[in-house]
1. Hey, among the residues in segment 21-42 that are in a strand (DSSP E or B) and hydrophobic (A, V, I, L, M, F, W, C), which one's most open to solvent (accessible area, probe 1.4 Å)?
2. Quick check on this structure: which one of Arg55, Arg18, Arg8 is farther than 29 Å from Asn84 by Cβ and open to solvent by 40 Å² or more (accessible area, probe 1.4 Å)?
3. For segment 1-20, name all the residues that are part of a loop (DSSP other than H, G, I, E, B) and closer than 17 Å to Thr69 by Cβ.
Amino acid sequence: MGYCYSKRIEYVDKETARALWEDLYDSANSLWKVTMDAYYPRKVPGTDGDTLYGRFAASTWDLQNQHATLGNSADSSGGMITFNSEVSKAARRRREVLHPGGLMQLMR
């Protein structure tokens with residue numbers, strides 16, 4: 001009651017446990033939106049072989065309002081998402097500064 005979707009059906013890849021397709025239904029149980037997700041899996045450095053996505057693309061179609069939303073993780077160089085030791089020192093420093101605790105340090 002009060003939630004925008006009455007039902008959600010996810011089609012999940014058993015190897016990555018990621019939803020690859022999703023059907024969303026409105027409060028009247030009519031198909032409202034469909035979402036397609038595409039992932040490029042890769043091993044995460046510094047783990048025991050955990051696999052996450054290195055890149056992704058997602059598309060959501062709002063069938064009732066004839067609208068689509070597209071998104072992806074590509075940067076200008078087409079690089080992968082970085083994890084753990086792959087993150088540059090400069091980027092780690094930005095996180096220290098941009099994190100709420102880092103901002104508090106700057107405010108002192």
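The values are calculated or read from the model by the stated rules, or taken from the named source; none is laboratory data. Note that the structure is a prediction, hence the values are computed from the model and not measured. Heads up, the Cβs are rebuilt from the backbone with ideal geometry, glycines too, and the neighbour counts pull from every protein chain shown. Calculation scope for accessible area: heavy atoms of the full protein, side chains included, ligands and nucleic acids excluded. Shrake-Rupley method; radii C 1.70, N 1.55, O 1.52, S 1.80 Å.
1. Among those residues, the one meeting the criterion is Trp21.
2. It is Arg8.
3. Within segment 1-20, Cys4, Tyr5 qualify.
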